[in-house]
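To start, the structure itself, in structure tokens.
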Amino acid sequence: MYFEFIVSKEYDGKTAKDFLRKRCGLTAETLKLAKYHAFGITRDGKTLRTVDTVFEGDIIKISLPTDKNEILPVEGTLDILYEDKYLIVINKPCGMPVHPVKVYQSDTLANLVAFHQRQRGEEYTFRALNRLDKDTSGCVVIAKDRITCGLLQGKIQKEYIAVCEGVIIQAGTVSAPIKLKDGSKIVREVREGGKTAVTHYEPISHSKKHTLLRLWLETGRTHQIRCHMSSLGHPLAGDDLYSGSLSRIHRQALHCYKVEFIHPITKESILLDTGIPEEFLRILNDDAI
């Protein structure tokens, strides 16, 4: 696979490095790989050095070494929301880790994607552009190559649906630093000296005991929504790690329901929406019984 970039007017007379790094968004590591790959950076079929001058209208082609998939392929069902030769977006179920770790080696999203790509005759490194906790469900965007990953990094707008305990009437924002709780390797807490974290939330509906929320983030800290909502006295239903009750649901009621981005290669506007999980709506309906 190769990628084409057309030199724009403002980079006429600049170096190839300036154009590829600043205008095209290629990382230093990607450029390094291309430089040492046969015909990795070319113009008019000839090798182009990063120090060479480029001109308006030049078509620069970038080619990289073939990716390696080192994750064990495991057959399973994927809820694929979108796929092309650059990206795949999957609606991940609750209870499935995204990446293999010490205790999960064959039952992760990466394992299923490895099998899926083999069935399609593809091979690529698993590069998830957003990460969800094992028990958080929803959209995971995966790049099939290094260039697409770099171009899309940090440019995906994500929205979440959650059910929290208690009634929230008005929209609000939590701007509070998050830090690991003393003595824990997992639990976070709002605490001075922590990393900046900003969470916006808006109630959609509520019952006597729970509120259905839409949330979006300015930062992406581990357990951010779970920690922030608990700090307000409204932990997520089913999130016993942050004081939520397991009486209505046995997982944190958190779902990444929407992703939106501009496709880095085709420039198409992509909007994917899974809707609200039925089990979340049942929590509110059960309160009326």
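Numerical summary
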read-out: Spans of strands (runs of 3 or more DSSP E) in the stretch 137-204 with at least 1 residues closer than 27 Å to VAL89 by Cα and not assigned by TED's automatic domain parsing to the domain that holds ALA28; value: 137-143, 157-165
read-out: Leading residue by the ranking (surrounded by the fewest Cβ atoms within 10 Å (Cβ to Cβ)) among those in the stretch 250-275 that are of a type in the set (Val, Ile, Thr) and modelled with pLDDT of 95 or more; value: ILE262
read-out: Single match in ALA110, ALA128 (criterion: under 26 Å from ILE276 (Cα atoms), at pLDDT 90 or above and touching a strand residue (DSSP E or B) at 6+ places or on another chain (Cβ under 6 Å)); value: ALA128
read-out: Candidate set from the stretch 48-78 (those that are touching a strand residue (DSSP E or B) at 6+ places or on another chain (Cβ under 7 Å) and of a type in the set (Ser, Thr, Tyr)); member that is nearest to LEU151 (Cα to Cα); value: SER63
read-out: Residues (assigned to a loop (DSSP other than H, G, I, E, B) and either in contact with a strand residue (DSSP E or B) (Cβ under 6 Å, 6 or more places away or on another chain) or surrounded by fewer than 16 Cβ atoms within 10 Å (Cβ to Cβ) (or both)) located in the stretch 22-36; value: CYS24, TYR36
read-out: Residues of the stretch 126-144 satisfying the condition of being in contact (Cβ under 8 Å) with a residue 24 or more places away in the chain and surrounded by fewer than 20 Cβ atoms within 10 Å (Cβ to Cβ); value: ALA128, ASN130, ARG131, ASP133, LYS134, ASP135
read-out: Residues of the stretch 1-48 classified as more than 29 Å from the chain's Cα centre (by Cα) and among the small types (Gly, Ala, Ser), total; value: 5
read-out: Positions within the stretch 60-83 being outside any loop (DSSP other than H, G, I, E, B) and more than 14 Å from ILE265 (Cβ to Cβ), in sequence order; value: ILE60, SER63, ILE80, LEU81
read-out: Residues within the stretch 84-112 that are assigned to a strand (DSSP E or B) and under 15 Å from the mean Cα position of the chain (by Cα), tallied; value: 6
read-out: Criterion: touching a Leu at 6+ places or on another chain (Cβ under 6 Å), under 16 Å from THR148 (Cβ atoms) and touching a residue at least 60 places away in the same chain (Cβ under 8 Å) - qualifying residue of LEU26, LEU81; value: LEU26
read-out: Output for the stretch 78-92, where each listed residue is at pLDDT 95 or above and surrounded by fewer than 15 Cβ atoms within 10 Å (Cβ to Cβ); value: ASP79, ILE80, ASP84
read-out: Residue count, the stretch 231-268 (criterion: in contact with a His (Cβ under 9 Å, 6 or more places away or on another chain) and either closer than 29 Å to LEU87 by Cβ or assigned to a strand (DSSP E or B) (or both)); value: 1
read-out: Candidates PHE115, PHE39, PHE55, PHE19 - the one that is farther than 24 Å from GLU268 by Cβ, in a helix (DSSP H, G or I) and among the aromatic types (Phe, Trp, Tyr); value: PHE115
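The values are calculated or read from the model by the stated rules, or taken from the named source; none is laboratory data. Since the structure is predicted, the reported quantities are computational estimates derived from the model, not experimental observations. Backbone-built Cβ (ideal geometry, glycine too); neighbour counts: all protein chains shown.
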